[in-house]
Amino acid sequence: MTISRVVVDLGERSYPVLIGHGAVSEINSVLPKTAKRAVIITQKNINFTVKPDVPCFTVLIGDGEQHKSLQTIEFVSQKFAEFGLTREDVVIGLGGGMVTDVAGYAAASWHRGTAVVHVATSLVGMVDAAIGGKTGVNTGAGKNLIGAFWQPRGVICDLDALSTLPANEMRCGLGEVAKYHFLSGDDLLKLEMPERVARCVKIKAEIVSSDEREGGRRALLNYGHTLGHALERSSDFSLAHGEAVAIGMVFAAHLARVMGRIDQARVDQHYKVIGEVYGLKVKPENKVDRAELIRLMRGDKKAVSGLTFVLDGRSGIETVKDVSEAQLHQAFDAMQLEEK
Ligand SMILES: NC(=O)c1ccc[n+]([C@@H]2O[C@H](COP(=O)([O-])OP(=O)(O)OC[C@H]3O[C@@H](n4cnc5c(N)ncnc54)[C@H](O)[C@@H]3O)[C@@H](O)[C@H]2O)c1
């Protein structure tokens, strides 16, 4: 059993991420020494257990983005009170990104800050959501609008958990894994899956360490997300997040080519990694409404003014502002996206 250890280096808030088959057996090593009890926040369908050496109380929360809400925070806080959870104890988020976002925010708020440990059970959780300390919930006005930066004390990525993950959720995770191929210059393809996940964690950890609160560099993790989010929303979420991000990266490659930032070989590499290696869609199945997509992309969180994208280039991936609509249409044409 090989367990890799990656440290998210944030000074006194640094923490380890343990990755590998069977990594959950290391749970006690990441619990705070002061913890006398733990509340485990999870969901009914997560067939994965964690057994720390302290008395535990399990709270089940609903499944789906509609449950990533302040009502759920109130519900779990009520359970914290019933169990007598103190600030010296620990909250354990056991699940995908939805669970760890909720567990993290509940822990950040409980007694103005109680330790949290994440046991990620989805691929998205392992390579992205559980790492980096972004926590939060949705409101009627949009996703993740209420939240806090609250770093966990440790993260466990036990690849055994993935054996029960539904295929579409696996594809979502693969979309994010594909993103790391382009964020790093490394040949991730030569790595076996556990090492590849560990490498993705390392890339995310390094970016978070350099820009904890997304003042700049952390925005690179949104590669493929500008068109991705727009496609997700225009499909009424029938296109899953990771699948939409995968298509968004292909689009970003075409856009970078249109802007003279990369050559055709690099565009081809996007098709190879996303389409062939991970078997993800490289364009939407249906015709698209370009005007609607552009409108949605203008409303993207990163777009402080005009159309902003995260694009590949000679000096790597970077944020590019003020992309013109004409350039978007050229990229749509190059990708052969048919208009509705
Ligand atoms: N905080 C961050 O930095 C960050 C980053 C990326 C995404 N997110 C958030 O993460 C969420 C998406 O995460 P996700 O894709 O993991 O979705 P999710 O947590 O909703 O999980 C997807 C589904 O898979 C199920 N599941 C999870 N693990 C399972 C397992 N091992 N076996 C069987 N079923 C399992 C869940 O119950 C759920 O039904 C979104 O809310 C997103 O906003 C946060």
Restricting attention to the range 86-98, does a residue exist that is near the ligand (Cβ under 10 Å from one of its atoms), closer than 20 Å to Lys44 by Cα, small (Gly, Ala, Ser) and assigned to a loop (DSSP other than H, G, I, E, B)?
-> yes
Which of the residues that make up the range 218-275 are at pLDDT 95 or above and among the acidic types (Asp, Glu)?
-> Asp263, Asp268
Test each condition in (1) surrounded by 15 or more Cβ atoms within 10 Å (Cβ to Cβ); (2) more than 11 Å from the ligand (Cβ to nearest atom) for His111 and report the one that comes out false.
-> (1)
Could you check Ser163 against (1) without any contact (Cβ under 8 Å) to a residue 60 or more places away in the chain; (2) buried (at least 19 other Cβ atoms within 10 Å of the Cβ); (3) outside the structural domain of Thr308 (by TED's automatic domain parsing); (4) within 14 Å of the ligand (Cβ to nearest atom) and say which number it fails?
-> (2)
Can you find a residue in the range 142-150 that is within 13 Å of the ligand (Cβ to nearest atom), touching a Ser or Thr at 6+ places or on another chain (Cβ under 6 Å) and at pLDDT below 95?
-> yes
Odd one out for His229, checked against (1) of a type outside the set (Gly, Ala, Ser); (2) within 14 Å of the ligand (Cβ to nearest atom); (3) free of Cβ contacts under 8 Å to residues at least 24 places away in the same chain = (3)
Residues of the range 8-27 being over 18 Å from Leu159 (Cα atoms), surrounded by fewer than 15 Cβ atoms within 10 Å (Cβ to Cβ) and in contact (Cβ under 8 Å) with a residue 12 or more places away in the chain, in sequence order, are Asp9, Arg13
Has the range 187-210 got at least one residue that is within 27 Å of Arg87 (Cα to Cα) and touching a helix residue (DSSP H, G or I) at 6+ places or on another chain (Cβ under 7 Å)?
-> yes
Check on Lys33, charged (D, E, K, R), within 14 Å of the ligand (Cβ to nearest atom) and surrounded by fewer than 12 Cβ atoms within 10 Å (Cβ to Cβ) | no
In the range 40-61, what count of residues is obtained for those that are surrounded by fewer than 17 Cβ atoms within 10 Å (Cβ to Cβ), touching a helix residue (DSSP H, G or I) at 6+ places or on another chain (Cβ under 7 Å) and at pLDDT 95 or above?
-> 2
Those residues of the range 48-84 which are within 16 Å of the ligand (Cβ to nearest atom), hydrophobic (A, V, I, L, M, F, W, C) and under 25 Å from Leu145 (Cβ atoms), in sequence order | Val59, Leu60, Ile61, Leu70, Ile73, Val76
Would you mention how many residues in the range 114-136 are more than 14 Å from the chain's Cα centre (by Cα) and either surrounded by fewer than 24 Cβ atoms within 10 Å (Cβ to Cβ) or more than 13 Å from the ligand (Cβ to nearest atom) (or both)?
-> 3
Taking Ala107 as the residue in question, decide whether it is closer than 18 Å to Asn138 by Cα, in contact with a strand residue (DSSP E or B) (Cβ under 7 Å, 6 or more places away or on another chain) and in the same structural domain as Ala120 (by TED's automatic domain parsing).
-> yes
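The values are calculated or read from the model by the stated rules, or taken from the named source; none is laboratory data. Everything numeric in this text was worked out from a predicted model, so none of it was measured. Cβ: placed from backbone, ideal geometry, glycine included. Neighbour counts: every protein chain shown.
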